[in-house]
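The values are calculated or read from the model by the stated rules, or taken from the named source; none is laboratory data. Nothing here was measured: the structure is a model prediction, and the numbers come from that model. Every residue, glycine among them, receives a Cβ derived from its backbone with ideal geometry; neighbour counts consider all protein chains shown.
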Amino acid sequence: MTFKKKIKQQHLQLLQDKIDVYQDMISGLSDDAQNDAKGSAGDKHETALSMMHLEQEKLTNKLKEAIVLKEILEKIDVSKTTPTITLGSYVKVNAMQLFISAALPKTSVDGVTILSVSPQSPLGSQLIGKKQHDIVVVNGNSFTIHEIL
């Protein structure tokens, strides 16, 4: 398995785990709301249901976001390499290792720390289309592209 494929697989697993947790939490809140509705009445009941509904909406939004990120990641062809940085590129910049994909938490693959950067982020948008040895400046910081895989 290639290094880029390992990165992609690790991120897909992370996102699937998040999706599963959010679905379980939403399901738990739905069950709680149904059980609470059977045995309660009055203002406290209405307040509790409202709080559960708000929490359920927050979790649903987080779930949707995780699903969108997973869909973006699934579309990336990690077998493709180009001389310019595109979505799916693994880039060595200064002392950092970047995976151009989606804004995801820092991860470690084979002992190497990888930062996943969205092409819409300030750094990602500057890197897209650049070649090896190009220099980009983001927020006053200079980044030299050492390698693109």
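Here are K80, K106, K64: which of them is free of Cβ contacts under 8 Å to residues at least 12 places away in the same chain, out of contact with any helix residue (DSSP H, G or I) (no Cβ under 6 Å at 6 or more places or on another chain) and assigned by TED's automatic domain parsing to the domain that holds Y22? Break it down into steps so the answer makes sense when it comes.
On the way: K80 fails: assigned by TED's automatic domain parsing to the domain that holds Y22; K106 fails: assigned by TED's automatic domain parsing to the domain that holds Y22.
Step by step, each of K80, K106, K64 is checked, and only K64 is free of Cβ contacts under 8 Å to residues at least 12 places away in the same chain, out of contact with any helix residue (DSSP H, G or I) (no Cβ under 6 Å at 6 or more places or on another chain) and assigned by TED's automatic domain parsing to the domain that holds Y22.
Collect the residues in segment 104-138 that are surrounded by fewer than 13 Cβ atoms within 10 Å (Cβ to Cβ) and basic (K, R), keeping them in residue-number order.
K106, K131
Within the set of pairs 6 or more residues apart or between chains, which connect a residue that is over 9 Å from P83 (Cα atoms) inside segment 127-140 to a residue that is part of a loop (DSSP other than H, G, I, E, B) with Cβ atoms less than 6 Å apart?
L127/I85; I128/I85; I128/P119
Do you know which residues across segment 69-85 are polar (S, T, N, Q) and either in contact with a Cys (Cβ under 9 Å, 6 or more places away or on another chain) or at pLDDT below 95 (or both)? Explain how you work it out, then say what you get.
First, pick out the residues of segment 69-85 that are polar (S, T, N, Q): 79, 81-82, 84.
Scanning segment 69-85 gives S79, T81, T82.
Could you tell me how many of the residues in segment 58-85 are surrounded by 16 or more Cβ atoms within 10 Å (Cβ to Cβ) and outside any helix (DSSP H, G or I)?
Within segment 58-85, residues that are surrounded by 16 or more Cβ atoms within 10 Å (Cβ to Cβ) and outside any helix (DSSP H, G or I) number 3.
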